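Since the structure comes first, as structure tokens, the remarks are kept for the end.
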Amino acid sequence: MASTTNSCSFIDTILPVMGSTPSAIAKTDIIWDENQRMFITNQYTSAAGHTYYLGVRFCDQFITVIHVGMYYNWTYLDGIDIYAFDGYEKRLISQKKFGKEFYNEVLVRRTVEETLANHVSAQAKMLGRNINIKEIGAEISRLVDKSYCSLLDNPDTIKKLDAVRPILESELRAS
């Protein structure tokens, strides 16, 4: 019976009862959203009633920060930032702005894949390397797939979370 009590107590720390003071765990500004397979951070509502948040996905080679807005019954895309790693620091490699484009996950994924492929191609050209564009596209697609992995199913992602947490928190401070 003790495990049931411990489970309820833990759930109460994550999902506090209305009117009670949330624990430090529940107050975190970083939330995993399994449906979208990304972290949700920095949510706020503007005076005009628009709700904004950042969606963050990552894998070993890059981080994608998706700027999302919601108003009434529609969700729109404000922008996508893509960062590469420089050790444990992030380095901006692309920033694309959208004019309140209706949110479309296919558009997000295609934008990330195209942007990363263009970045790799440009870097290869600057280094004088001849590369196969189709091979780059296939490898980039594989990397983007890795950024869509579930936090709940992927032990590698969970292991890397401690290294990525400061980067997620820096997104909170930067916005």
Val120 vs. criteria of a type in the set (A, V, I, L, M) and at pLDDT 95 or above: no
Hits in the stretch 83-133 - residues which are farther than 21 Å from Tyr52 by Cβ, surrounded by 12 or more Cβ atoms within 10 Å (Cβ to Cβ) and aromatic (Phe, Trp, Tyr): Phe85
From Ala124, Ala138, Ala117, residue being assigned to a helix (DSSP H, G or I), in contact with a Gly (Cβ under 9 Å, 6 or more places away or on another chain) and among the small types (Gly, Ala, Ser): Ala117
Selection within the stretch 65-108 - aliphatic (A, V, I, L, M) and over 17 Å from Met38 (Cβ atoms): Ala84, Leu92, Ile93
Scope the stretch 43-60; condition closer than 21 Å to Lys160 by Cβ and surrounded by 15 or more Cβ atoms within 10 Å (Cβ to Cβ); matching residues: Leu54, Gly55, Val56, Arg57, Phe58, Cys59
Lys96 vs. criteria free of Cβ contacts under 8 Å to residues at least 12 places away in the same chain and assigned by TED's automatic domain parsing to the domain that holds Val56: no
Qualifying residue in the stretch 153-170 (condition: of a type in the set (Ser, Thr, Tyr), farther than 20 Å from Asn35 by Cα and over 14 Å from the mean Cα position of the chain (by Cα)): no
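The values are calculated or read from the model by the stated rules, or taken from the named source; none is laboratory data. Every value quoted in this text rests on a predicted model; they were computed, and no experiment measured them. Every residue, glycine among them, receives a Cβ derived from its backbone with ideal geometry; neighbour counts consider all protein chains shown.
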